[in-house]
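Enquirer: Could you have a look at this structure, given as structure tokens, before my questions?
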Amino acid sequence: MKPRIERLVEKKVVGIRMTMSLVNDRTGELWSAFMPRRNELKNKLTNDLISMQVYQPTYFTNFKPTNEFEKWAAVEVTDIANVPNGMASYVLPGGLYAIFDYKGLSTDKSIFTYIFETWLPNSDYVVDNRPNFEVLGDRYKNNHPESEEEIWISIKEK
């Protein structure tokens, strides 16, 4: 699977965030909290959902499944002036991304094994210290084998 490489312009997102690890995965809890409230956001740019991970700078260099990160359930918005109570905003900095078009079960993590253990080491890139995220568009069907999403991995040249 070969990604496309694109330069992302800054994005503003609003949503709900939780701290978790791969061992203590709270993704279901996060999305259960966000989905009933997503329509409170009146300034959405699209109907796409954003699943974003914000990592500490040493997350990948000293990787352990117990390392904590911040996960977001969010949408892209035009501005972050009016954030509903209990939600937060984040300005996603622009930069270079490898974008993988993924089709399959959201519980199948083998795509990430491929990205980080096969594609990345054999590419001209390394992971950059910016959030990674998935765009869950109109072809996304939660945990369905025909589900489609885009996986955006922040990169920089070696």
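Enquirer: By counting other Cβ atoms within 10 Å of each Cβ, how are Val9, Val14 ranked from fewest to most?
Expert: Taking fewest neighbouring Cβ atoms as first place, the list is Val9, Val14.
Enquirer: For the chain, what is the relative contact order in percent, using Cα pairs closer than 8 Å and at least 6 residues apart in sequence?
Expert: 31
Enquirer: With a ≥ b ≥ c the root eigenvalues of the C-alpha gyration tensor of the stretch 76-158, is it rounded (a/c under 1.5), prolate (a/b larger than b/c) or oblate?
Expert: Because a/c hits 1.5 or more and a/b fails to exceed b/c, the stretch 76-158 counts as oblate.
Enquirer: Rank Asn85, Asn47, Asn129 by mean-square fluctuation in a GNM of the chain with C-alpha springs under 10 angstrom and give only the top-ranked residue.
Expert: Greatest mean-square fluctuation among the candidates belongs to Asn85.
Enquirer: Also, I was wondering about something else. Counting other Cβ atoms within 10 Å of each Cβ, which GluC sites (Glu not before Pro) in the stretch 108-147 have at most 15 and sit in a DSSP loop?
Expert: Here the sparse-neighbourhood loop sites are Glu146.
Enquirer: Mind putting a number on the dipole of the chain about its Cα centre? Charges go on the C-beta only, +1 for Lys and Arg and -1 for Asp and Glu, and I need it in Debye to the nearest 20.
Expert: 220
Enquirer: A 24 angstrom limit on the alpha carbon distance is what I want to check against. Which of Lys71/Lys141; Lys2/Lys109; Lys42/Lys103; Lys71/Lys103; Lys42/Lys71 exceed it?
Expert: Where the Cα-Cα span goes over 24 Å, the pairs concerned are Lys42/Lys103.
Enquirer: Please give the Cα centre distance for the stretch 105-158 versus the stretch 1-58, rounded to the nearest Å.
Expert: So the two Cα centres are separated by 13 Å.
Enquirer: Set Lys and Arg Cβ to +1 and Asp and Glu Cβ to -1, take the dipole of the chain about its Cα centre, and tell me which of Pro3, Gly15, Gly28 lies farthest positive.
Expert: Farthest along the dipole direction, towards plus: Gly15.
Enquirer: Counting each DSSP H run of 4 or more residues in the chain as -39500 (n - 2.57), what helix-only mean residue ellipticity at 222 nm follows after dividing by all residues, to the nearest 500 deg cm²/dmol?
Expert: Calculated from helices alone, the mean residue ellipticity at 222 nm is -2000 deg cm²/dmol.
Each value in this text was obtained by applying a stated rule to the coordinates, not by laboratory testing. Computed from a prediction, not measured in an experiment: that's the story for all the values here. We place every Cβ from the backbone using ideal geometry, glycine too, and count neighbours over all the protein chains shown.
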